[in-house]
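Below: one structure, written as C-alpha cells.
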Amino acid sequence: MNVLLIYPRIPRTFWSFTYSLKFIKKKAASPPLGLLTVAAMLPREWNKRLVDLNVTNLTDSDLAWADLACISAMAVQRQSAEEVIQRCKAHSTTVVAGGPLFTTEHEKFGQVDHFILNEAELTLPLFLEDFAAGRPQRLYATENFADLTTTPVPLWELADMKQYAELSIQFSRGCPFDCEFCNITALLGRRPRIKTATQIIAELDHACGLGYRGSVFIVDDNFIGNKAYLKQELLPALIRWQEKKPGMTFHTEASINLADDAELMQMMVAAGFDTVFIGIETPDTDSLIECSKLQNKNRDMVADVKKIQRAGLQVQGGFIVGFDHDGPSIFQRQIDFIQKSGIATAMVGLLQAIPGTRLYERLKQEGRLLGEVTGDNVDGTTNVLTRMNLDALRSGYRSMMEHLYAPRNYYTRVMNLLREYKPPVVSMSLTRMHIMAFFRSVIRLGIVGRERLQYWKLLIWTALRRRKLLPVAITLAIYGFHFRKIVRQHIR
C-alpha cells in the first residue's frame with residue numbers, strides 16, 4: 001500500500017514567518033507534526049511519502065504512485081486543502097482526511113472518501129481495521145479522549161528537515177480553562193492529558209539521531225496545565241538531558257498564572273525554555289469576564305509579563321479586539337499595554353467565532369454570525385456581527401496595527417523587552433546559518449530598509465548594554481520585518 005501524506009499550503013500569515021525564513025534560507029517554520037505522528041500509526045509495511053506543499057510540490061507522479069492520500073489541515077489551509085482534494089480525485093486517488101479543519105467542517109468536503117476525526121489514536125485504528133476487511137466507513141469520530149502514553153514517536157525521517165526552521169513536539173493536550181472563543185476544550189477537553197517524560201526524551205533523541213539541532217516548539221495549548229508533573233518528572237528529565245545534548249532550546253504556550261510560580265519558571269529556563277506565548281487578549285476587565293478569561297482577571301498583567309521576562313522567558317502575546325464590551329478607547333488601551341509590557345511579538349486580531357466554541361453557539365443563537373472563519377488571526381477579518389460598528393472596528397484595528405508595527409514603535413518594544421529579559425541559560429550554538437542571517441539583516445534592514453535608523457540604534461544599544469542578548473535583538477529585528485510586511489499586506 002502506497003500512502004501520500006499531504007500537508008496543504010499555509011498562506012502568508014503572522015505565524016508563517018514567510019519573510020523571516022528568507023534570512024535563514026528555510027522554506028517553512030516546522031514539519032507537520034500531526035501527519036508525521038499519523039504516519040507512525042500506519043502499518044509498518046505500508047510505503048509512506050510526505051508531500052508538504054510549504055516546501056515542495058505535489059506532482060502527478062506522486063498521485064500516480066499513491067493508493068491513498070491522507071490530508072490533515074487547519075482552517076487557514078482551507079483553500080489549499082480543497083485544491084489538493086480536487087487533484088487527488090482527478091487522479092482517482094482515495095482521499096482520507098483528518099485534523100482540526102475536517103473535524104469541525106467535514107460536511108463541507110463532499111469529495112473526501114473517508115474522515116478520521118477527533119484524535120487519531122482512537123479513530124484511525126477503527127478505519128484501518130475496516131479498511132483491511134474491505135468495508136471502510138466514510139466517517140470515524142469519537143467523543144472520548146486519547147491516552148497520550150500510546151502516541152508513537154513521529155516519523156520525522158519522512159521530512160526534509162533542512163527545509164524547516166524548527167521542530168515541533170507535543171507533551172500534552174487539553175486545557176484546564178474554558179475561554180468562550182477557544183475551541184481547544186471542545187476538541188481536546190479540559191483535563192490536560194500528558195505523555196511521559198520518557199516519551200518526550202525518546203522523541204528528542206530520535207530527532208537528534210537524525211541530525212537535528214536547534215529550536216523545538218512544544219505545541220501544547222497550555223504547557224503548564226499539569227504543574228506537578230512538570231516539576232517532578234518532565235523538567236528534571238529535560239535538565240539532565242541538556243547536560244548530554246546541549247544547545248536545544250524550547251518555546252511553548254502557557255497561561256498568565258505562570259508568573260505566580262517562580263520555581264516553575266526557574267526550572268523551565270534551566271531546561272532550555274526561552275519563550276512562552278500567553279493569551280492576554282485584552283486589558284479590559286469586562287471583556288475578560290465576557291469571554292470567560294477569568295485567569296487573567298484581577299491581575300496586573302504588565303507586571304506579570306515583566307516578571308516572566310526577568311525569569312528568562314520572552315513573552316509573546318495574543319490579543320483580541322471586538323468583544324461586546326469594547327468601546328472606541330480599546331485600541332489605544334491595547335497599544336499602551338503592548339508597548340509598556342515589551343511584548344515584541346504581539347498577535348492582535350479581530351474576534352472570530354470558531355465552529356465548536358461556546359462563542360460560536362451563542363452568536364448563532366443571537367443571529368450574529370457573518371460566515372466562516374479564515375483561520376488567520378491577523379488578517380483584519382471577523383465573522384461576528386460585533387456591537388461596535390464594523391467600519392469603526394476595522395478602521396480602529398488598521399490604525400492600531402499600523403502603530404504597533406511602525407519601526408519606531410516596534411523597536412521601542414524590543415528594547416523594553418531587552419531591558420527586562422534575563423539572558424537564556426541554554427543557547428544554541430552559533431552556526432554559519434546564524435552568521436549569514438546577521439549579514440542579510442545588515443543589508444536588508446540596516447542599509448536599504450526603512451527601519452535602518454532603529455535597527456542600528458537597537459544593535460548598538462544592545463551591544464553596549466546587554467551584549468549577551470545581541471542574538472535575540474537581531475532575531476527580533478528580523479521578525480519585525482516579517483510582521484510589518486504581513487500588516488501592510490492585510491491593510492492593503
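The values are calculated or read from the model by the stated rules, or taken from the named source; none is laboratory data. As the structure is a computational prediction, the values presented were derived from the model and not from experiment. Don't worry about glycine lacking a Cβ; one is built from the backbone with ideal geometry, like all the others, and counts go over all protein chains shown.
Things to note:
Per-residue answers, yes or no, for (1) farther than 25 Å from Ile335 by Cα; (2) assigned by TED's automatic domain parsing to the domain that holds Asn377; (3) basic (Lys, Arg):
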residue: Lys227; (1), (2), (3): yes, yes, yes
residue: Ser255; (1), (2), (3): no, yes, no
residue: Ile280; (1), (2), (3): no, yes, no
residue: Ile289; (1), (2), (3): no, yes, no
residue: Asn298; (1), (2), (3): no, yes, no
residue: Lys307; (1), (2), (3): no, yes, yes
residue: Gly312; (1), (2), (3): no, yes, no
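- For first residues located in segment 107-134 and over 17 Å from Val3 (Cβ atoms) and in contact (Cβ under 8 Å) with a residue 12 or more places away in the chain, partners that are among the aromatic types (Phe, Trp, Tyr) and part of a loop (DSSP other than H, G, I, E, B) and lie 6+ apart or on another chain with Cβ distances below 9 Å form the pairs Asn118/Phe145; Glu119/Phe145; Leu122/Phe145.
- Pick from segment 71-93, criterion more than 17 Å from Ala120 (Cβ to Cβ) and hydroxyl-bearing (Ser, Thr, Tyr), ranking: surrounded by the most Cβ atoms within 10 Å (Cβ to Cβ): Thr93
One line per residue, one yes/no per condition, for (1) modelled with pLDDT of 95 or more; (2) surrounded by 21 or more Cβ atoms within 10 Å (Cβ to Cβ):
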| site | (1), (2) |
| --- | --- |
| Gly189 | no, no |
| Arg193 | yes, no |
| Gln199 | yes, no |
| Ala202 | yes, no |
| Gly209 | no, no |
| Gly214 | no, no |
| Lys231 | yes, no |
| Leu234 | yes, yes |
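- Some residue of segment 44-52 being within 30 Å of Phe439 (Cβ to Cβ) and either at pLDDT 95 or above or not β-branched (Val, Ile, Thr) (or both): yes
- Residue ID - farthest from Ser16 (Cα to Cα), chosen from residues in segment 467-492 that are surrounded by fewer than 17 Cβ atoms within 10 Å (Cβ to Cβ) and not hydrophobic (A, V, I, L, M, F, W, C): Arg467
- For segment 140-160, filtering for residues that are within 26 Å of Gly356 (Cα to Cα) and assigned to a loop (DSSP other than H, G, I, E, B) leaves 8.
- Selection count where residues are aliphatic (A, V, I, L, M) and out of contact with any strand residue (DSSP E or B) (no Cβ under 9 Å at 6 or more places or on another chain), scope segment 50-82: 4
- Counting the residues of segment 109-127 that are surrounded by fewer than 16 Cβ atoms within 10 Å (Cβ to Cβ) and either in contact with a helix residue (DSSP H, G or I) (Cβ under 9 Å, 6 or more places away or on another chain) or modelled with pLDDT under 95 (or both) gives 2.
- Hey, Gln111 out of contact with any Phe, Trp or Tyr (no Cβ under 9 Å at 6 or more places or on another chain), part of a loop (DSSP other than H, G, I, E, B) and not assigned by TED's automatic domain parsing to the domain that holds Cys182 or not: yes
- Residues (part of a helix (DSSP H, G or I), polar (S, T, N, Q) and under 19 Å from Leu210 (Cα atoms)) located in segment 16-40: Thr37
- In segment 423-432, residue modelled with the lowest pLDDT [restricted to those that are aliphatic (A, V, I, L, M) and over 23 Å from the mean Cα position of the chain (by Cα)]: Leu430
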